[in-house]
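The values are calculated or read from the model by the stated rules, or taken from the named source; none is laboratory data. Predicted model, so just to flag it, every value in this text is computed and none were measured. Here Cβ is always computed from backbone atoms with ideal geometry, including for glycine, and neighbour counts include all displayed protein chains.
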Amino acid sequence: MPFRGAHYAIAVFLVVTIAAFWPSYFSILDTAPRAHHIHGVTATLWVLLLIWQSWSIRQPNFALHKWGGRMSFLLAPPFVAGGLLVTKMTVIKDSPFTEMFAVSLSFADFVSVAVFVLFYFLALRNRHSVEHHSRYMLATIFPLIPPSVARIFTGYVPGVAIRAPEDLPNFEVALNISFVVAALFTIALIISDWRRKKPLAPFLMALGALVLMIGVYHSYGNTAHWEQTVLAYARFSDAVLILAGLVIGVAAGFLGWHFPRKPAGPAPASVAA
């Protein structure tokens, strides 16, 4: 990972995420729908994997780090499938939240899945460059920051918390705040890398994805054309979406591994994947 204490920071993020999704998922595991299980379990395991990878490379224990890299090939495909499934479920669920936010929010969900696939592919492709590889791997969880932060606000912060249907407009307030928080965090990492003359592309791309997600949420996401597109997507069966997610995840791993980018100079090879 690009920072020595990255595994501690990711662990804190995991705790925040569990707290954020405690009311809607972790506290109701016995009744949660299948889509939430696939997405919740794989997302949690992915964050744990990043903690493991950051910790193992700092020991250094290359054998454990390589093992974690191999585990990513098993985790990435169902993670993608879970993202596609939970997006569909959000759109078709019969609730006031769906009526108010699901269509416009679904674009951000699609971008989250696409960004994860892209960054995972680039992390594998750049595995011979420790600086690039570690940053792309860390960036795979950046799309998870806004939904976690937003739910912390709607679940626990007075004045923004949602306690009744009439409080639902607070979600958009929390969502905007969450993207500002995520963007400021990403900008801080970019500035840090710029000062240390480290690669800027990974976190610049992550920042671009965040801007795209919230920008389209407030614009194209509210159009009739996008609504028709999302409703057409929601008509795909769960089996088709699971298969598509698995294929996309496998393809990202396969292409990233078999078409590596060779380092520009005589830098030592990374054993990160």
Next on the checklist: Among the residues in segment 124-138, are any in contact with a Lys or Arg (Cβ under 9 Å, 6 or more places away or on another chain), assigned to a helix (DSSP H, G or I), aromatic (Phe, Trp, Tyr) and at pLDDT 95 or above?
Outcome noted: yes
Checklist entry - Are any of the residues in segment 149-169 assigned to a helix (DSSP H, G or I), modelled with pLDDT under 95, farther than 19 Å from Trp22 by Cβ and touching a helix residue (DSSP H, G or I) at 6+ places or on another chain (Cβ under 7 Å)? => result yes
Checklist entry - What residue, among those in segment 51-74 that are of a type outside the set (Ser, Thr, Tyr) and closer than 15 Å to Phe121 by Cα, is surrounded by the fewest Cβ atoms within 10 Å (Cβ to Cβ)? => result Arg70
Checklist entry - Scanning for something of a type outside the set (Lys, Arg) and either out of contact with any helix residue (DSSP H, G or I) (no Cβ under 6 Å at 6 or more places or on another chain) or surrounded by fewer than 17 Cβ atoms within 10 Å (Cβ to Cβ) (or both), does segment 118-126 turn up at least one residue? => result yes
Item to check | Which numbered condition Ser129 misses (of (1) surrounded by fewer than 20 Cβ atoms within 10 Å (Cβ to Cβ); (2) in contact (Cβ under 8 Å) with a residue 12 or more places away in the chain; (3) closer than 25 Å to Lys198 by Cα) | outcome: (1)
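Yes or no, residue by residue, for (1) within 25 Å of Asn126 (Cα to Cα); (2) out of contact with any Lys or Arg (no Cβ under 8 Å at 6 or more places or on another chain); (3) surrounded by fewer than 18 Cβ atoms within 10 Å (Cβ to Cβ):
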{"residue": "Ala150", "(1), (2), (3)": "no, yes, no"}
{"residue": "Gly159", "(1), (2), (3)": "no, yes, yes"}
{"residue": "Phe179", "(1), (2), (3)": "no, yes, no"}
{"residue": "Leu184", "(1), (2), (3)": "no, yes, yes"}
{"residue": "Ala188", "(1), (2), (3)": "yes, yes, yes"}
{"residue": "Ile191", "(1), (2), (3)": "yes, yes, yes"}
{"residue": "Arg196", "(1), (2), (3)": "yes, yes, yes"}
{"residue": "Leu207", "(1), (2), (3)": "yes, yes, no"}
{"residue": "Val211", "(1), (2), (3)": "yes, yes, yes"}
Next on the checklist: Within segment 75-82, does at least one residue satisfy the condition of being surrounded by fewer than 22 Cβ atoms within 10 Å (Cβ to Cβ), in contact with an Asp or Glu (Cβ under 8 Å, 6 or more places away or on another chain), in contact (Cβ under 8 Å) with a residue 40 or more places away in the chain and under 16 Å from Leu241 (Cα atoms)?
Outcome noted: no
Checklist entry - Could you count how many residues in segment 88-117 are farther than 15 Å from Leu255 by Cα, crowded, with 21+ Cβ neighbours inside 10 Å and of a type in the set (Val, Ile, Thr)? => result 3
Next on the checklist: Residues that are in a helix (DSSP H, G or I), in contact with a Leu (Cβ under 7 Å, 6 or more places away or on another chain), more than 22 Å from Asp109 (Cβ to Cβ) and not polar (S, T, N, Q): does segment 237-259 have at least one?
Outcome noted: yes
Next on the checklist: Among (1) closer than 30 Å to Arg163 by Cα; (2) at pLDDT 95 or above, there is one condition His36 misses while meeting the rest; what is its number?
Outcome noted: (2)
Checklist entry - Is there any pair with a first residue in segment 205-228 that is under 13 Å from Ser104 (Cβ atoms) and a second that is of a type in the set (Val, Ile, Thr) and in a helix (DSSP H, G or I) whose Cβ atoms are under 7 Å apart and which are 6 or more apart or on different chains, and what are they? => result Met213/Val111; Gly221/Val103; Trp226/Val103; Glu227/Val103
Item to check | Selection count, segment 76-95, where residues are more than 13 Å from the chain's Cα centre (by Cα) and over 18 Å from Pro33 (Cβ atoms) | outcome: 1
Checklist entry - Of the residues that make up segment 91-114, is at least one assigned to a helix (DSSP H, G or I) and more than 22 Å from Phe179 (Cα to Cα)? => result yes
Checklist outcome for this item: Among Val160, Val181, Val173, the single one that is closer than 25 Å to Val216 by Cα and within 18 Å of the chain's Cα centre (by Cα) is Val181
